[in-house]
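The values are calculated or read from the model by the stated rules, or taken from the named source; none is laboratory data. Just so we're clear, the structure is a prediction, and the values are computed from it rather than from any experiment. Please note: Cβ atoms are built from the backbone with ideal geometry, for glycine as well, and neighbour counts cover all protein chains shown. What goes into the accessible areas is simple: the full protein's heavy atoms, side chains included, and nothing from ligands, DNA or RNA. Shrake-Rupley method; radii C 1.70, N 1.55, O 1.52, S 1.80 Å.
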Amino acid sequence: MATVSLEAVRKEYRGGVVGAKDVTLRIADGEFVSLVGPSGCGKSTTLNLIAGLEDISGGVLRIDDTVVNDLSPRERDIAMVFQSYALYPHMDVRGNLAFPLKVSGADKATIDQRVRETAELLGLEKLLARRPKELSGGQRQRVALGRALVRRPKLFLFDEPLSNLDAALRTQMRGEIKKLHERLKATFIYVTHDQAEAMTLSDRVVVMNQGEVQQVAPPRELYDAPANLFVAGFFGSPRINLVKPETLGLREEGVTLGIRPEHLEIGTGTAEGALSGRVYLVEPMGSENWVTVDVGGERLIARAPADFSVRTGETVWLRFDSKRLHRFDTASGRRR
Ligand code: ADP
Ligand code: MG
């Protein structure tokens, strides 16, 4: 079991690119924390600093109570799972699972037992004699997970481990990783660019942009009270509507308003006290319809019921509960 703490941890690459800007973060023992943000925001950099794969340019990194700034990856007792599985092609699944234990000098009985337990945990029992090329993508990723698990490290780091899988398999493996965390009760730090993965998996989510932490919060809080415009826009599908107060018929200065698509009620025709607009686009999702409406030159998207029938160009009304509005300072982007 492990706690991880970063105090103003910084990474400057040669040439002056700042990969991580003074990242401060405390991760509790057994917690599942995701680092999420767009490509290039510093997720892998931060994870690699924790793993010891990159040198720290500044700040203090602790695992449990030990400062690990200058410890090698091996001395940190960490397991890492990457997007590319990098299994040994000439070894079967058993050999791949056993490898990390052999390297660490475990005896044969221990190796056999751990390989058996790990294979059971991941449903790989019947595949032990196969080579990586005889496995599907999902099975390979499971072996890669297994290889991280066999050593029973106190800390697991994942860098976009599901990005190479197709959508259906990704969702399935996502569930398996969550169940795995529940069983192992180890500390998991998980890097992803996928907001849905971050939300569904994590106890807390760390949102990053341009090397900086934007917000650290449980998924629900991120969604209900985003700290700034960036976080507001990052989570939610379809995206939150961010508009000028005038568009919603309000008069306020220096403020950008946010309203989530599920908090816009929509109906055909006009209604008293409601906004009026014209349908720009209708996107049937099966379970619901996403309707984009032109309101005074800005486009708002509303989630309408599946049986809501409307055509492009039709006049519709939109209503919202003002308690559902998010207010952001337009200049700084910060939540008010
Ligand atoms: P993410 O994982 O969020 O996509 P990274 O942590 O890989 O982002 O990268 C953060 C920033 O650091 C990017 O601007 C990237 O180009 C830069 N960067 C990453 N690795 C290196 C490196 N080895 N040398 C120079 N710049 C790097
Ligand atoms: Mg990355």
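Structural remarks
- Backbone phi angles across region 328-336, fed through the Karplus curve with coefficients 6.51, -1.76 and 1.60 (θ = phi - 60°), yield HN-Hα couplings of 10, 5, 4, 5, 8, x, 6, 5, 9 Hz in residue order; Gly and Pro are listed as x.
- Principal axis dimensions, region 241-329 - Cα atoms, whole angstrom, descending: 37, 23, 20
- Computed from phi, the 3J(HN,Hα) profile of region 74-89 under the Karplus parametrisation 6.51, -1.76, 1.60 (θ = phi - 60°) reads 4, 6, 8, 6, 10, 10, 10, 10, 10, 4, 8, 6, 6, 7, 7, x Hz, with x in place of Gly and Pro.
- Pairwise label distance in nanometres, K244 with E265, each label 7 Å out on the Cα-Cβ vector: 2.8
- Between region 165-207 and region 259-283, the Cα center-to-center distance that results, in Å: 35
- Choice from G40, G123, G105 showing the highest fluctuation, given a GNM over the chain with Cα pairs closer than 10 Å: G105
- Accessible carbon and sulfur surface of the chain relative to its total accessible area, %, 1.4 Å: 47
- Taking a point 7 Å out from the Cα of R334 in the direction of its Cβ, the residues of region 256-276 whose backbone N falls within less than 15 Å of it are 256.
- Those GluC sites (Glu not before Pro) in region 172-278 that DSSP places in a loop and that have at most 15 other beta carbons within 10 Å: E252, E253, E272
- Highest-MSF residue in the chain out of Y223, Y280, Y85 [GNM, Cα springs under 10 Å]: Y280
- Each helix, a run of at least 4 DSSP H residues, gives -39500 (n - 2.57); summed and divided by the residues of the chain, these come to -7500 deg cm²/dmol at 222 nm.
- Residues in region 298-336 reached by a label modelled at E253 [backbone nitrogen below 14 Å; 7 Å Cα→Cβ]: 330-331
- Label positions at S276 and D70, each projected 7 Å from the Cα along the C-beta direction, are separated by 7.3 nm.
- Cut-off under 5 Å, modelled amide H: who pairs with N241 long-range: I259, R260
- Here the label points at R299 and M91, each 7 Å from Cα along the C-beta direction, are separated by 5.1 nm in the simple model.
- The gain in end-to-end length when the Q113 to A196 segment is fully stretched comes to 26.3 nm, 0.36 nm per residue minus the alpha carbon separation.
- Per residue solvent-accessible surface (Å²) - region 241-329, probe of 1.4 Å: 54
- Subset of K43/K108; K102/K179; K178/K323; K126/K179; K43/K185; K11/K154 violating a 31 Å alpha-carbon distance limit: K43/K108; K178/K323
- Residues M285 and V17, FRET efficiency given R0 of 45 Å [Cβ-Cβ distance, rounded to 0.05]: 0.70
- Between D166 and V60, the contour length at 0.36 nm per residue exceeds the alpha carbon distance by 34.3 nm.
- A simple rule links phi to the HN-Hα coupling: the Karplus curve 6.51 cos²θ - 1.76 cosθ + 1.60 with θ = phi - 60°, which for region 5-17 gives 9, 10, 10, 6, 6, 9, 10, 10, 7, 4, x, x, 5 Hz, with x for Gly and Pro.
- Among V68, V291, V103, residue whose mean-square fluctuation peaks in a GNM of the chain (springs only between Cα atoms under 10 Å): V103
- Per-pair calculated FRET efficiency, R0 = 56 Å: E120 and E212 via Cβ, rounded to 0.05: 0.85
- Binned Cα-Cα distances of region 1-104, short to long, each 5 Å bin given as a whole percent: 2, 11, 19, 21, 17, 13, 10, 5, 1
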